[in-house]
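Chemist: One structure coming up, written as structure tokens, with questions to follow.
What follows is calculated from the coordinates using simple rules that are stated; it is not laboratory data. Values in this document were obtained by computation on a predicted structure and should not be read as measured data. Cβ coordinates were reconstructed from backbone atoms using ideal geometry, including for glycine residues, and neighbour counts include every protein chain displayed.
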Amino acid sequence: MGSGIAHVAALAEYDVMLTDLGQAELDKAMETIRTNLGRQARKGAISEEQQAAALQRIGTAVGLDAVKGADLIIEAVVEDEAVKKSVFAELRGELPAHTIICTNSSSLPVTRLAVSTDRPGKFMGMHFMNPVPMMELVELVRGIATEEETYETAREVTVRMGKTAAMAEDFPAFIVNRILMPMVNEAIYALYEGVGTVKAIDTAMKLGAHHRMGPLELADFIGLDTCHSIMQVLYEGLADSKYRPCPLLVKYVEAGWLGRKTGKGFYDYSTGTPVPTR
């Protein structure tokens, strides 16, 4: 997600500093950005000049020191509240007064995250969809303390990046994942209860509902740990049993079968051709 956000920000002519925990992660991110920009250029979506200029606008750095003078910081770390709060804690007292912090969280309460910063009024959610360069939507989520100027700035940045902004209230999982993730979880229940196989469930939804990806294929793409995390946020935040993560999803996460990023989830990707694991 971070590399995708850097990609679209650089194309929008923003200077970008991409940070991570290590140089290997940064090298991988830059390779992804180069590949995706190159694909856009070959398809004629951008010019070769735009491709080269965008790459020139992206710098990289290990750790957070390099972003402490930024006008806007977009956090895109793992969907874990403690990890996100540790990032914000490291930035406390280190930023100019005008700096805005946005979280790319897909489900966590913006108001609760804002409290871990030194600037709740200049904090809000800016939830990009994955893959960022292809998906048109950004959910903008205000916390209870978010200032109007902060929201308007985030909206202007969203539009300049070529995205459409959708205003979402600060409820668990916002709009997209509030609707999407229970559908994915229900598909996993259908597999768990033997209603259909992995292939049957995905085929049914692709051909019967014209979804571009089946729900189990989509879960693997998103990451089963992320799916579980979002369902847990919904379950705990709304106190409704209909959001309980499917036990089969829990078992896959416990096994380390997290989808594409680990090579195995509801499909096994080790041979190059995805093969259902159930």
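Chemist: Using the crude model of +1 on Lys and Arg Cβ and -1 on Asp and Glu Cβ, and no other charge, please compute the dipole size for the chain relative to its Cα centre, in debye to 20.
Modeler: That gives the chain a dipole magnitude of about 780 debye.
Chemist: Put +1 on the Cβ of each Lys and Arg and -1 on the Cβ of each Asp and Glu in the range 131-180; which of THR146, MET135, ILE175 then has its Cα farthest toward the positive end of the dipole?
Modeler: Farthest along the dipole direction, towards plus: MET135.
Chemist: In a GNM of the chain with a 10 Å cut-off on Cα contacts, which of THR150, THR226, THR203 has the highest mean-square fluctuation?
Modeler: Top of the fluctuation ranking is THR203.
Chemist: Let me ask another. Cα atoms only, the range 124-268: Rg and Dmax in Å?
Modeler: 16.6, 51
Chemist: Another one. Restricting things to alpha carbons, find the Rg to Rh ratio for the range 36-125 using the Kirkwood radius for Rh.
Modeler: Expressed as Rg/Rh, it is 1.08.
Chemist: In a GNM of the chain with a 10 Å cut-off on Cα contacts, which of SER229, SER241, SER107 has the highest mean-square fluctuation?
Modeler: The residue that fluctuates most here is SER241.
Chemist: Give me the angle, in degrees from 0 to 90, between the Cα long axis of helix 48-57 and the longest principal axis of the Cα atoms of the chain, rounded to the nearest 10.
Modeler: 70
Chemist: Still on this structure: Which length gain, in nm to one decimal place, applies between ASN130 and GLU236 when the Cα-Cα distance is subtracted from 0.36 nm times their residue separation?
Modeler: 35.7 nm
Chemist: Once Lys and Arg get +1 and Asp and Glu get -1 on their Cβ, which of GLY38, THR273, LEU218 lies farthest toward the positive end of the dipole of the chain?
Modeler: It is THR273, whose Cα lies furthest towards the positive end.
Chemist: Two decimals is fine: what is log10 I(q)/I(0) at q = 0.10, 0.16 Å⁻¹ for the chain, from a Debye sum with one equal scatterer on every Cα and no solvent?
Modeler: -0.56, -1.35
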